[in-house]
Amino acid sequence: MASPITVSSTGNVQTTVTDGIATVRFSHPKGNSLPAALLARLADEIRGLGKREDVTLLVLRSGDTGPFCAGASFDELKAIRDSAAGKEFFMGFARLILAMTRCPKLIISRVHGKVVGGGVGLVAASDYAIAAESASLRLSELAVGIGPFVVGPAIERKIGLGGFGAMAVDTEWRNARWGEEAGLYARVFDSINALDSGLELFARKLARTNPQAMAKMKGVFWQGTEDWDHLLEERAEMSGALVTSEFTRAAIAAFEKS
């Protein structure tokens, strides 16, 4: 049974559990972007589901229209007035990535549309991501005067330093097939209908496998990330300091008009 949880006046998280599969859907009217409250609710929801005995695996998805995720909330970025507040905002992404990578259940991301900035971090922090042809990707942080510092470790772990560096420096769009070849997507489907059919079959099959084996696989996937609490906090501090600069404020304003 669906249990909608309001996280702000303009965003929500909804979770359903069916036959061991927990589907977590987040949405926001501005491109399924991620304000601080929504980041916190998602992290809490994933931590809680990781402890439930009736949950075997998680499926992460967003609202059905528009992008999969437009990244950080520009409204909140523009409202940040000091580096401490900036760090705390970016810690929201850090906490969500840590919740995803440390959840003992496998997480599948269902990516139906474009993915920007922090959204790419969510894809990379999942254990298995499947996408539609419409799910192009972009790390736009440098274009707005900051950098993909917090999400960087998860993306680099999936596609290597070369691939991450290319995305971080060249902020243009890359298509879904590029994402599949790079390793961010495990599989790309020709249409949304095909994506959903493939997801249903795959998730049901996976839910019947040994939960202990999946938990051990999860540990192997993220082995070596034990220092990420400290690393991601350092990265959040970097972003928090940059977002308050006059350069970044001007870059965000110009980016929104482009």
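Restricting region 122-141 to residues that are part of a loop (DSSP other than H, G, I, E, B) and in contact (Cβ under 8 Å) with a residue 60 or more places away in the chain, which is nearest to Gly163 (Cα to Cα)?
First pass over region 122-141, keeping only residues part of a loop (DSSP other than H, G, I, E, B): 126-127, 133-136, 139-140.
Remaining after also requiring in contact (Cβ under 8 Å) with a residue 60 or more places away in the chain: 126-127, 135, 140.
Details: Ser126: 18, Asp127: 18, Ala135: 17, Ser140: 15 Å.
Filtering first and then ranking leaves Ser140.
Pick out the one residue from Gly119, Gly66, Gly92, Gly86 that is in a loop (DSSP other than H, G, I, E, B), of a type in the set (Gly, Ala, Ser) and either surrounded by fewer than 23 Cβ atoms within 10 Å (Cβ to Cβ) or at negative phi (or both). I'd like the intermediate steps shown before the answer.
Working: Gly119 fails: in a loop (DSSP other than H, G, I, E, B); Gly92 fails: in a loop (DSSP other than H, G, I, E, B); Gly86 fails: in a loop (DSSP other than H, G, I, E, B).
Matching residue, one of Gly119, Gly66, Gly92, Gly86: Gly66.
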Qualifying residues in region 61-107 (those that are without any contact (Cβ under 8 Å) to a residue 60 or more places away in the chain and basic (Lys, Arg)) - the one farthest from Val24 (Cα to Cα): Arg95
Test: residue in region 72-81 that is within 29 Å of Gly145 (Cα to Cα), at pLDDT below 95, of a type in the set (A, V, I, L, M, F, W, C) and surrounded by fewer than 18 Cβ atoms within 10 Å (Cβ to Cβ): yes
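Can you find a residue that is surrounded by fewer than 20 Cβ atoms within 10 Å (Cβ to Cβ), in contact with a strand residue (DSSP E or B) (Cβ under 8 Å, 6 or more places away or on another chain) and of a type outside the set (Asp, Glu) anywhere in region 52-60?
In the first step, residues of region 52-60 are kept if they are surrounded by fewer than 20 Cβ atoms within 10 Å (Cβ to Cβ); the result is 52-54.
Now narrow it down to the ones that are in contact with a strand residue (DSSP E or B) (Cβ under 8 Å, 6 or more places away or on another chain): 52, 54.
Among the residues that remain, those that are also of a type outside the set (Asp, Glu) are: 52.
Among the residues of region 52-60, at least one is surrounded by fewer than 20 Cβ atoms within 10 Å (Cβ to Cβ), in contact with a strand residue (DSSP E or B) (Cβ under 8 Å, 6 or more places away or on another chain) and of a type outside the set (Asp, Glu), which makes the answer yes.
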Unmet requirement for Arg61, which otherwise passes all of (1) basic (Lys, Arg); (2) in contact with a His (Cβ under 9 Å, 6 or more places away or on another chain); (3) over 26 Å from Thr171 (Cα atoms): (3)
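Out of curiosity, is Ser109 within 21 Å of Glu181 (Cα to Cα), among the polar types (S, T, N, Q), in contact with a strand residue (DSSP E or B) (Cβ under 8 Å, 6 or more places away or on another chain) and crowded, with 24+ Cβ neighbours inside 10 Å?
Values: within 21 Å of Glu181 (Cα to Cα): yes; among the polar types (S, T, N, Q): yes; in contact with a strand residue (DSSP E or B) (Cβ under 8 Å, 6 or more places away or on another chain): yes; crowded, with 24+ Cβ neighbours inside 10 Å: yes.
Judged against the criteria, Ser109 is a match.
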Complete set of residues in region 31-49 that are in contact with a helix residue (DSSP H, G or I) (Cβ under 8 Å, 6 or more places away or on another chain) and either over 18 Å from Gly92 (Cα atoms) or assigned to a strand (DSSP E or B) (or both): Leu34
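The values are calculated or read from the model by the stated rules, or taken from the named source; none is laboratory data. What you see is a predicted model, and the numbers here were worked out from it, not measured in a lab. When we count neighbours, we look across all protein chains shown, and the Cβ atoms used for this are built from the backbone with ideal geometry, even at glycine.
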